[in-house]
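*Asks:* What follows is a single structure, and I will ask about it in a moment.
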Amino acid sequence: MSDPITSDSTGIVASRVRTGAWVLYDLANTIYIATVTFVFTPYAKAELGGLTGHSVTHFLSMVAAALLVPFFGALVDTTSRTRRYLTIGTSLCIAALLGWSFDFGPFWLLACYFAANLTYNIALVFYNSLLTSVAAPERAGRISSIGVGVGYMGTLIVLAITMTAHPSPRMFFAIAASLFLLLALPCMVLVKDRRPAQPSSVPIRTAMRDANKRLWLTLRELPKHRPLMWFLAGNFFLVDVLNTAILYFAEFTKSVFDEQASHGIVLFGTTFTGQEGIESFMGIAGICLNIIAMVVGILIGNWNDRSPLTVMRVSAVVLFFALIGGAVFGGNNPLAYLGTLVAFGAFGLTGIWSAGRKIIVVLAPPDQIGQYFGLYGITIKLSVFGSVTYGLISDSYGSKPAMLAQSAQLLIGLLCLFMVRLPNKQAPTSP
């Protein structure tokens with residue numbers, strides 16, 4: 001298949017602008033994830049007196065998303081109105097994120113978090129479905145990797161603001177909402193579904209009914225598509241670990257180094273002492289993780305196009321050693337902690353996210369890309385058992401046992417990936 005651009009220079013420029021706008025959305029939605037990880041989760045823990053309420057709300061929002069995303073994936077295939085749905089979902093997420101700025105009590109905080117997390121994850125289905133509209137299949141892995149890599153700049157932006165300006169959490173939520181809107185706007189305006197348009201006269205009720213039929217047909221035929229079935233199972237377990245790691249990275253780092261911070265955390269000749277010191281060390285760890293992830297995302301693009309399944313398997317193994325390193329070195333060896341949990345974790349996160357989208361493009365028929373990404377979305381949204389487990393174990397036994405508990409589902413996911421066989425008819429990578 002040829003690249004979705006025209007031969008004239010104007011068409012090439014327009015295509016690159018659309019691709020850039022799509023990549024920029026990855027940066028925008030990472031602003032949301034980084035805000036949850038580094039600002040909202042510690043804030044919610046302090047406001048609610050623990051992580052259980054936060055983790056349960058996160059679980060419920062993801063289960064609700066899992067029930068909805070396959071339907072919405074089928075709906076975009078039926079209507080080709082992907083950009084419209086992306087705009088609606090993103091706008092609702094930004095509004096709920098802004099709601100965190102208002103102090104109306106614990107119920108309001110958790111309700112807004114539920115709404116923001118639900119709409120954020122629904123919007124991701126529409127966003128992922130637009131990948132084939134900005135990149136031909138042979139370049140989808142490269143563009144996906146670049147998007148993931150550039151996306152990690154969002155975390156660097158969040159950390160830069162929190163470490164230099166020191167805004168209050170509620171003020172920062174308003175800043176994050178504004179940044180999310182600013183960076184997502186180009187994609188919502190410029191990138192549209194390039195598949196043949198469906199008749200605009202089709203009533204929404206008819207479109208929803210047709211989408212529901214297409215979804216159930218795909219689900220019934222899933223056992224016949226064993227590579228897809230094994231991949232979805234493996235992705236479920238691996239992303240369960242990723243979601244937990246992203247959600248609780250800052251909390252874990254603070255918890256395991258809390259005692260050492262009272263005496264002083266020594267790193268590169270600098271001593272970090274007390275609460276301010278541990279906040280600075282956590283920020284450095286976050287910066288290192290995201291710089292490494294950004295570089296990895298940009299560098300593995302061609303590898304991702306050639307062998308996305310290998311990328312995903314290797315990333316899972318590396319992530320396993322990251323978990324072990326975090327538990328072994330957390331709280332006693334800050335340099336080894338950065339070299340294992342942070343560096344290995346950055347590689348694992350980037351590889352699994354970017355390779356997963358490429359594998360879906362390889363497996364999905366062009367007219368079912370939305371449905372396949374909807375099924376892919378189920379595995380992502382239902383991957384919340386690890387976060388609940390982490391919250392419960394952390395509150396009862398501590399952060400390190402909670403971290404080590406994640407290794408079980410990671411190994412199960414890796415075994416599932418070794419059952420996957422991709423078709424051999426991948427197009428060659430373009431120069």
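*Asks:* Quickly run through segment 52-103 and pick out the residues that are within 14 Å of residue 130 (Cα to Cα) and modelled with pLDDT of 80 or more. Steps first, answer last, please.
*Replies:* Pass one, segment 52-103, residues within 14 Å of residue 130 (Cα to Cα): 72-77, 79-87.
Of everything in segment 52-103, those that are within 14 Å of residue 130 (Cα to Cα) and modelled with pLDDT of 80 or more turn out to be 84, 85, 86, 87.
*Asks:* Still on this structure, please answer the following. Is it fair to say residue 119 is modelled with pLDDT under 85, out of contact with any strand residue (DSSP E or B) (no Cβ under 8 Å at 6 or more places or on another chain), buried (at least 19 other Cβ atoms within 10 Å of the Cβ) and hydroxyl-bearing (Ser, Thr, Tyr)?
*Replies:* Here the answer is no, as residue 119 does not meet what is asked.
*Asks:* While we're here: For segment 263-306, which positions are under 16 Å from residue 339 (Cα atoms) and among the aromatic types (Phe, Trp, Tyr)?
*Replies:* Across segment 263-306, the qualifying residues are 268, 281.
So that you can scan it fast, the table gives a plain yes or no per residue for (1) β-branched (Val, Ile, Thr); (2) under 30 Å from residue 287 (Cβ atoms); (3) at pLDDT below 90:
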{"site": "106", "(1), (2), (3)": "no, no, yes"}
{"site": "124", "(1), (2), (3)": "no, yes, yes"}
{"site": "132", "(1), (2), (3)": "yes, no, yes"}
{"site": "136", "(1), (2), (3)": "no, no, yes"}
{"site": "145", "(1), (2), (3)": "no, yes, yes"}
{"site": "156", "(1), (2), (3)": "no, yes, yes"}
{"site": "160", "(1), (2), (3)": "no, yes, yes"}
{"site": "166", "(1), (2), (3)": "no, yes, yes"}
{"site": "188", "(1), (2), (3)": "no, yes, yes"}
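*Asks:* Now, a different point. List, please: which pairs have Cβ atoms under 6 Å, are six or more places apart or on different chains, and start with a residue in segment 315-334 that is farther than 27 Å from residue 417 by Cβ and end with one that is in a loop (DSSP other than H, G, I, E, B)?
*Replies:* 331/257
*Asks:* Please verify whether segment 284-292 includes one or more residues that are in contact with a strand residue (DSSP E or B) (Cβ under 8 Å, 6 or more places away or on another chain), of a type in the set (A, V, I, L, M, F, W, C) and closer than 25 Å to residue 404 by Cα.
*Replies:* yes
*Asks:* I've got another one for you. Against the definition (surrounded by fewer than 20 Cβ atoms within 10 Å (Cβ to Cβ) and either assigned to a helix (DSSP H, G or I) or hydroxyl-bearing (Ser, Thr, Tyr) (or both)), how does residue 251 come out, yes or no?
*Replies:* Details: surrounded by fewer than 20 Cβ atoms within 10 Å (Cβ to Cβ): no; either assigned to a helix (DSSP H, G or I) or hydroxyl-bearing (Ser, Thr, Tyr) (or both): yes.
The answer is no for residue 251.
*Asks:* Any residue that is touching a strand residue (DSSP E or B) at 6+ places or on another chain (Cβ under 7 Å) and within 15 Å of residue 399 (Cβ to Cβ) - is there at least one of those in segment 266-275?
*Replies:* No, every residue in segment 266-275 fails to be touching a strand residue (DSSP E or B) at 6+ places or on another chain (Cβ under 7 Å) and within 15 Å of residue 399 (Cβ to Cβ).
*Asks:* Name the pairs whose Cβ atoms lie under 8 Å apart, with the first residue in segment 261-279 and on the phi < 0 side of the Ramachandran plot, the second among the charged types (D, E, K, R) and surrounded by 12 or more Cβ atoms within 10 Å (Cβ to Cβ), and 6 or more positions between them or separate chains?
*Replies:* Correct list of pairs: 278/254; 278/258; 279/254.
The values are calculated or read from the model by the stated rules, or taken from the named source; none is laboratory data. As the structure is a computational prediction, the values presented were derived from the model and not from experiment. We place every Cβ from the backbone using ideal geometry, glycine too, and count neighbours over all the protein chains shown.
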